[in-house]
Structure formats: C-alpha cells, structure tokens
Amino acid sequence: MKVKKYFLNVKENLKIPVIEIGSFFGGFGCVVCQLHGDEYSAVKIAYTINDQLTRTKQGKSLGLRIILCANPNGSRLGIKEYPDKSMNLNRMFQKKYFSDKLVSGIIKLITNSSFCIDVHDMPGSDLPACSILTKTQRPEVESLSYDLISAFGPDLYWEEDFSDPTIGQRYAGTINSFLNSVGIPNFTIETSPINLISDKTILSVSKKIIALLTPTKKPVFKPKLVKRIEIASRESGIFLPNDLKLLQSIKRDEPVGKLLNLTGRIKQIYSPSSGLLIRLASRGFIKEKQKLFDLGKRL
C-alpha cells in the first residue's frame, strides 16, 4: 500500500511529521498523536498501524493520515505542555489561538477528514484501552462519533459533556470540541503509557483503528458507558498500589494501596465509592493532588 512521509513546516525549527497511507480518493481518516509531549504510546501505535497497513495488498475504503507528533518540541523535552507557549496544546483549539502556527497547521491537517481520533495515554498510571466521547450540544456529530466508538470497540468509554459548566471549563479548547464544531466525527483513545502498555494492547488498538477505514453496516459493539470518578492524593508520598486488576469491581472502603509519607507515617488508601477500577497509579512518588486511581460507575 502506498505510503507518503513528510514534514509540514509550521514555523522556524518546528515541523509536524506526517504519514499518509493508502488512497485518499474516497476520503481519509486521521489519527493525532502526541498533543501532549510526554505521552508516547500513540507513536508506537502509529508505527504498528503503518506496519500492518503496508503489509496488506488490499486497499481500504479510506486513506489514513497520521500526525505522528503534534507537539514536537514538547516531545523532545518530555513535557506535557506546548513549550513555545507554556500551555496545554489540547486547550488551544479555539478561536483566540487560531493564529498560532502550530495550531493552524494541525487544523489544516485534520480538516476534511472523514473522522479523527486523538490518541492519549496517562503517564504514571495503568489503564485499559478506553474511549472518550466529547459532547458540545452537536447531537448530529455526536451520534456519528458514538457510532465510531461502537465500531472501534473499547473496553469502556466515558463522556465529557460540556453542558456541565465544570467540564466545559476544564476541557475548553480541546481538539475534540473543535472537531465537533466543524462536524467531523471524532473520539479520544486513552491507554497506558509507553512503559506499561502491552504489545497485545498496541496491536489490538492498531487493528481496531485500521478496521474503521472500511465502514460497515453490520451490528456494532455496544460499549460500556461509565461515569469516571478521579481520586487524588491528599498528600505527597510513595504510593504502593495493591495487587488489583483493571476493570475489576471495587467496593466502597476496599483498600487500594498504601502511601508512605515523608514523616514516617503509613496511610492506607481506601476507595470512597464502589465501581470498576479503570485507572491505577504505578508504584512511585506521588505529589499532593496527583491522581491515585479512577473508578467507573456504570450508567
């Protein structure tokens, strides 16, 4: 299958690496990697997609454009932020930042895509391959995005509903909210970070993305919808998680781990609620207000 690799020059010393695979005659899907510079799992997924597609002789209905690294300088520095602006790049897809050349370059690359998938991971935590549906009062595109998630088949998904003022403020300017505004179906994938994600998960996510390039009218998977509850540490210390499995049911007051603080005290960490364990921080030093684990309440 035809592969084209190039750099989109956005400004001096800043180039966006792009891979295009297959024919774009019938349209194309888009995968965005590394909006956050310290999240590298998407790059490995992208290389695996490239490897899988270039091995096949059969074309797909849609071509695929992969933005291999949307935040090149952040990636080189190993930091989440877009260092040129000292900002979270995934909050800059709103009108007041459209003049920034990196933002406008990414918008140029995703414009006219048949769908767009934004791939993230959560450094310092283990979690299954999850999806996020962004809701911004655009039911027609949100319905298509839900169908896309269903075809992808994540372990579970949750919603970021901008009708909730807290959510709207926290996630204002995400690439997904922009995609909604221009009518492009989209969703986010969240995975474990590069040091924790398994080769099996990488291959599974890659194959599921590839499958989206051949739309089907067959019955699709109905993903589990959960409300995500984030539990953060109230103090700094060394977190020692218990031997728990992701997606297992956790009961209220069940022990999740221990925190060794810096004054010689051991604090037991208990779950404040029942739900599915969908994220668990790795063993290591945890700062105050840093996330320890997430629960998913079935909806």
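The values are calculated or read from the model by the stated rules, or taken from the named source; none is laboratory data. Quick caveat, the model's predicted, so the values are computed rather than measured. Note: ideal-geometry Cβ built from the backbone for every residue, glycine included; neighbour counts use all protein chains shown. We work out accessible area using only protein heavy atoms, side chains counted, and drop any ligands, DNA or RNA first. Shrake-Rupley method; radii C 1.70, N 1.55, O 1.52, S 1.80 Å.
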Residue within the stretch 2-13 that is under 19 Å from Val205 (Cβ atoms) and open to solvent by less than 30 Å² (accessible area, probe 1.4 Å) present: no
Conditions (1) open to solvent by less than 20 Å² (accessible area, probe 1.4 Å); (2) within 15 Å of Gln34 (Cβ to Cβ); number of the one not met by Lys80: (1)
Any hit, the stretch 93-108, residues being within 17 Å of the chain's Cα centre (by Cα), assigned to a loop (DSSP other than H, G, I, E, B) and surrounded by 15 or more Cβ atoms within 10 Å (Cβ to Cβ): yes
Residue in the stretch 254-263 that is part of a loop (DSSP other than H, G, I, E, B), within 22 Å of Leu196 (Cβ to Cβ) and either small (Gly, Ala, Ser) or touching a strand residue (DSSP E or B) at 6+ places or on another chain (Cβ under 7 Å) (or both) present: no
Failed criterion for Lys57 (all others in (1) within 20 Å of Lys80 (Cα to Cα); (2) modelled with pLDDT under 95 hold): (1)
Any pair with Cβ under 8 angstrom, 6 or more apart, that starts in the stretch 264-279 at a residue that is touching a residue at least 40 places away in the same chain (Cβ under 8 Å) and ends at one that is open to solvent by less than 50 Å² (accessible area, probe 1.4 Å) and among the aromatic types (Phe, Trp, Tyr): Ser271/Phe293; Arg279/Phe293
All positions within the stretch 202-259 that are aromatic (Phe, Trp, Tyr) and open to solvent by 60 Å² or more (accessible area, probe 1.4 Å): Phe221
Qualifying positions in the stretch 14-68 - surrounded by 20 or more Cβ atoms within 10 Å (Cβ to Cβ) and on the phi > 0 side of the Ramachandran plot: Gly22, Gln34
Residue selected from the stretch 248-263 under the condition among the hydrophobic types (A, V, I, L, M, F, W, C) and modelled with pLDDT of 95 or more, by the criterion farthest from Leu133 (Cα to Cα): Leu260
Conditions (1) at positive phi; (2) loosely packed, with under 13 Cβ neighbours inside 10 Å; (3) modelled with pLDDT of 95 or more; number of the one not met by Ser198: (1)
Subset of the stretch 120-143 [more than 19 Å from Phe93 (Cβ to Cβ) and hydrophobic (A, V, I, L, M, F, W, C)]: Met122, Leu127, Ala129, Cys130
Residues of the stretch 264-283 that turn out to be in contact with a Gly (Cβ under 7 Å, 6 or more places away or on another chain), under 19 Å from Gly237 (Cβ atoms) and in a strand (DSSP E or B), as a count: 2
Residues satisfying the stated conditions in the stretch 260-270, i.e. basic (Lys, Arg) and open to solvent by 90 Å² or more (accessible area, probe 1.4 Å): Arg265
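This table checks each residue for (1) under 29 Å from Ile107 (Cα atoms); (2) at pLDDT below 95.
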site	(1), (2)
Ser131	yes, no
Ile175	yes, no
Ile194	yes, no
Pro215	yes, yes
Gly237	no, no
